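Here the structure is laid out as structure tokens; the discussion comes afterwards.
The values are calculated or read from the model by the stated rules, or taken from the named source; none is laboratory data. Everything numeric here is computed off the predicted structure, so don't read it as measured data. Counting neighbours? That spans all protein chains shown, and the Cβs are built from the backbone with ideal geometry, glycine included. Heavy atoms of the whole protein, side chains included, go into the accessibility calculation; ligands, DNA and RNA do not. Shrake-Rupley method; radii C 1.70, N 1.55, O 1.52, S 1.80 Å.
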Amino acid sequence: GLQFDMAAEEAYTYSPERGNVAFGSASHGWAFGLGTFARLVAGKMGAKPEILQRVLWGEWTFNKKTKRVQRRSPLDTKSKPMFVEFVLQQIFAVYDASYKHLNTELLAKMQSQIAPWKEVDLGNLTAGAAAVRELMSRWQPFADCILRMAVQHLPSPLGAAANRLPVICPRWFASTENEAEGPIAEALRQGDAAGPTVAYLAKFLAADLERQVLTGDTLIGDEDVKFVGLCRVFSGTMRPEQHLFVMREEDSKEGRQRSLEIERVFLLKGRFMEAIAEAPAGSIVAVQVRQAGGETAKSHELGVERYLTLCDSTNGPVLETPYSSQAFAIVRVSIEPKNVTDLDALDRGLRLLHKADPSVSVEAMVTGENVLGCCGDEHLKRCITDLQKLYARGVPLSISTPLVAVREAIAPSVSADRVDPKSSQLWLPSWASHLLDASTEASSILSAPLSEYDEGSETGGGAPQHQDRFSMSTAGVMSAWTANRKVCLKVSPVALPEEVLHWMDNQAEELESVVHRQRASMAFAAGRASVTLDECLDEITNLFEQRMREAGAAESGILAGTTLCGMSVAKGGRAVLLDATNSHKLSECYHGGSSSNPTSEAVDETSAAAEGKVPNGLWPSVLAGFQLAAAAGPLCEEPMRGLAFVLHGCRQVLNEPSVGNAPAGSEEPNASQAAPVGEMVGGGVEAARALAAAAAAGPYGPMSGQVMVAMKDACRYSLFRRGYARICEAMLSLEVQCEQETLGKVYGVLGKRRAKVLDEGLREGTSLFYINSHLPLADSFSIHHDLREAASGHVAFHCAFSHWELSEEDPFQEASLTPDEVEELGDQPLPPNNARRLVDAIRKRKGLATDEKVVKDATKQRTVTRMK
């Protein structure tokens with residue numbers, strides 16, 4: 001079993017007496033640790049600094065009579081703790097003598113005891129922060145204290161390699177049994193400065209290369225912005241004029257590598273830089289790079305990369321990015337130049353902003369728009385300011401109103417009085433009603449028996465049925481046929497339990513690495529020293545099923561008896577695909593593939609068709625359609641969240657001619673011409689090949705593409721189940737502090753913006769009241785202005801992204817009105833709720849169809865001016 005290790009616990013404990021905690025003031029430029037004062041006091045007291053450091057913190061006091069250190073009693077009010085007597089009183093004495101009033105006599109006495117003050121001219125000092133900064137920064141320099149702590153407590157590059165390499169390079173070092181070998185891997189383990197050069201460029205910083213200073217967001221002169229890369233050297237030695245290859249997975253697979261040339265190497269000293277001749281392994285430096293081959297025209301752009309792995313060999317490793325792949329923009333605006341001639345300047349400015357800020361996303365839409373994504377209102381304002389004053393100077397910009405991000409979901413349940421069993425379960429808004437027309441026009445007559453998920457029929461199972469391409473049963477199962485009417489997929493959406501959704505949020509990085517990037521992760525090793533991709537996929541399945549059992553969803557309901565066979569966690573989405581036929585597992589779908597034996601393949605194909613399962617050959621298309629649907633839902637093309645799509649089965653028809661592909665003069669297909677695949681298993685693999693050949697010969701393209709589109713449509717349009725459509729709003733955590741006099745006005749501002757107050761109270765030791773609340777992102781714009789105006793400036797607040805919350809409002813509330821609501825509404829139009837406003841705003845912004853009426857009064861003439 002697990003055993004408690006006290007030494008390991010103390011190694012990760014922050015405690016001043018251990019020397020890993022510093023006290024100081026960054027604005028006044030000073031800092032110290034207990035070891036600093038322990039060395040100063042030890043000489044006067046005749047004690048060892050190591051022992052004195054242990055008692056300078058805590059309830060210890062110094063007895064001047066016995067000259068010994070003793071425990072301080074809780075009832076003792078006369079003696080002072082040693083930290084107060086030997087440390088704080090010294091700091092307070094400097095502030096008392098220099099901050100409010102300048103006491104030169106006291107400072108002169110202290111000057112004789114503090115060696116760094118001997119060169120200070122006390123007569124030229126003026127009371128205030130400048131005097132404190134001058135004295136304290138000389139006595140206890142901030143940089144010296146922090147550097148000393150880093151040297152003492154942080155491991156060296158060689159000592160940290162064993163723990164660092166499996167994290168930054170899991171493909172080479174995550175598995176202890178199959179670790180990479182060779183000179184590059186050995187140089188990384190040993191931090192060898194004489195070995196092959198491997199470095200990681202983590203971030204680009206704006207700099208003035210002539211003055212050798214980092215400029216940040218301050219523009220110096222009229223020249224263009226130039227960048228240096230913040231780089232860590234893991235092995236080898238980096239020198240000017242050195243050629244290094246850019247390591248990327250796609251380049252290594254295609255056999256092409258891009259190389260860069262190191263122009264200059266700088267040692268960072270705060271915001272100042274100093275050119276050096278070389279940087280050995282373990283160094284953190286700034287480098288000026290350019291394209292190899294003398295391409296200096298774009299030496300400061302290098303495309304849109306924000307982080308690079310550099311190596312002097314084409315067989316080098318690809319290091320993991322430090323930036324979260326789950327970071328996504330929740331506020332977006334469209335940026336266009338007012339003058340068409342400034343398009344190139346704006347495009348270059350956006351590339352520079354994208355490189356300088358890792359949290360920014362820049363998208364070029366199919367409509368030609370440039371969409372800038374940020375993390376919030378304040379971040380958006382800062383990015384716009386940097387773009388106008390630094391990266392795209394002199395370019396008049398046209399900026400759209402901010403567009404917030406949402407996630408598409410469904411409600412866990414809907415009350416029975418809102419669902420009419422006599423009406424169709426599939427309800428489409430006006431801008432999606434064309435689907436029904438297309439479905440009816442392309443419908444065909446099928447004689448195949450209905451499955452258990454289809455609606456019953458009065459004519460019986462063997463009679464010809466008029467089948468629409470899209471239909472939904474009373475249980476909410478969506479049936480979608482391919483364009484040539486050969487394959488039908490049956491899918492139903494279910495809301496995931498909160499426990500499963502929280503697990504996916506917490507493991508989003510690791511899940512994306514395994515499922516989407518096909519990389520093994522030690523997070524799913526389950527205690528093993530090494531792990532393969534198949535083992536990771538199996539562990540994900542086990543953890544998912546465990547969370548489902550804990551939530552009580554695996555024993556009852558539609559999710560009972562299903563198997564995890566697909567998952568989507570990219571771009572902030574959270575969706576899973578479950579197989580109700582239990583014919584496929586997650587590891588088989590994403591990594592195992594189908595059998596390579598033709599005989600077993602024929603048996604699998606025919607037996608799967610007979611049992612209503614999806615054949616192995618169609619699974620890649622099914623997974624691709626699921627991924628497409630999870631990335632863009634039907635409401636407003638936003639990712640889906642908290643959805644489980646249950647695949648109930650697959651239905652195939654072989655001998656029926658394709659719709660729209662029948663030869664001229666042919667008669668309508670009848671019962672003798674159509675039969676399910678389950679009745680034709682004797683054909684074996686020839687029957688499956690006949691299906692693919694018939695699809696390829698038709699006007700609808702390959703069968704794989706048709707199945708992918710059918711799966712995507714089935715998942716997307718299943719969200720239009722009457723009364724179940726919902727959206728998830730981004731919620732911000734808002735903490736407000738104000739005085740009691742302005743508390744009521746602050747509550748008024750929060751009430752208008754749909755804020756949910758979680759906690760409130762009086763801050764202990766102050767007269768300030770605090771309010772902790774959750775605020776919808778859509779209502780957070782310009783809240784700083786309203787709060788300061790309501791409280792006359794006497795308010796402090798902090799806002800950050802918190803979570804996604806399922807909205808209780810139905811964006812299509814007209815589809816599920818109760819009889820009482822219909823009677824109360826009468827002839828009045830139904831006012832749109834907040835969810836519908838968000839959906840319409842996003843659709844309108846993306847150029848999608850909406851139900852907004854452009855012409856309100858088409859038959860009535862309206863004159864603008866009076867007739868004369």
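Numbers below:
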{"item": "Condition check for residue 57: open to solvent by less than 90 Å² (accessible area, probe 1.4 Å), touching a helix residue (DSSP H, G or I) at 6+ places or on another chain (Cβ under 9 Å) and not small (Gly, Ala, Ser)", "result": "no"}
{"item": "For residue 417: the one exception among (1) at pLDDT 50 or above; (2) farther than 30 Å from residue 497 by Cα; (3) open to solvent by 60 Å² or more (accessible area, probe 1.4 Å)", "result": "(2)"}
{"item": "Hey, residue 735 acidic (Asp, Glu), within 29 Å of residue 836 (Cα to Cα) and touching a Pro at 6+ places or on another chain (Cβ under 7 Å) or not", "result": "no"}
{"item": "Unique match (being among the β-branched types (Val, Ile, Thr) and within 30 Å of residue 651 (Cα to Cα)) among 795, 709, 749", "result": "709"}
{"item": "Residue in the stretch 776-786 that is surrounded by 14 or more Cβ atoms within 10 Å (Cβ to Cβ), modelled with pLDDT of 90 or more and touching a Cys at 6+ places or on another chain (Cβ under 9 Å) present", "result": "no"}
{"item": "Subset of the stretch 519-568 [of a type in the set (S, T, N, Q), open to solvent by 60 Å² or more (accessible area, probe 1.4 Å) and at pLDDT 80 or above]", "result": "532, 542, 546"}
{"item": "Single residue of the stretch 427-437 satisfying the filter (over 10 Å from residue 815 (Cα atoms) and open to solvent by less than 40 Å² (accessible area, probe 1.4 Å)) that is modelled with the lowest pLDDT", "result": "435"}
{"item": "Single residue of the stretch 63-84 satisfying the filter (without any contact (Cβ under 8 Å) to a residue 24 or more places away in the chain and open to solvent by less than 60 Å² (accessible area, probe 1.4 Å)) that is nearest to residue 33 (Cα to Cα)", "result": "84"}
{"item": "Residue identified as open to solvent by 30 Å² or more (accessible area, probe 1.4 Å), free of Cβ contacts under 8 Å to residues at least 40 places away in the same chain and part of a helix (DSSP H, G or I) among 131, 160, 150", "result": "150"}
{"item": "Residue match in the stretch 42-50 (condition: under 18 Å from residue 139 (Cβ atoms), at pLDDT below 90, open to solvent by 60 Å² or more (accessible area, probe 1.4 Å) and of a type outside the set (A, V, I, L, M, F, W, C))", "result": "yes"}
{"item": "Residue list for the stretch 364-392, restricted to those being closer than 23 Å to residue 778 by Cα and assigned to a helix (DSSP H, G or I)", "result": "377, 378, 379, 380, 381, 382, 383, 384, 385"}
{"item": "Positions within the stretch 395-411 being over 13 Å from residue 337 (Cβ atoms) and assigned to a strand (DSSP E or B), in sequence order", "result": "403, 404, 406, 407, 408, 409, 410"}
{"item": "Selection within the stretch 677-725 - crowded, with 22+ Cβ neighbours inside 10 Å, among the small types (Gly, Ala, Ser) and modelled with pLDDT under 85", "result": "688, 695"}
{"item": "Pairs where the first residue, in the stretch 164-180, is at pLDDT 80 or above and open to solvent by 40 Å² or more (accessible area, probe 1.4 Å) and the second is among the hydrophobic types (A, V, I, L, M, F, W, C) and not in a helix (DSSP H, G or I), C-beta under 7 Å, 6+ apart", "result": "166/174; 172/180"}
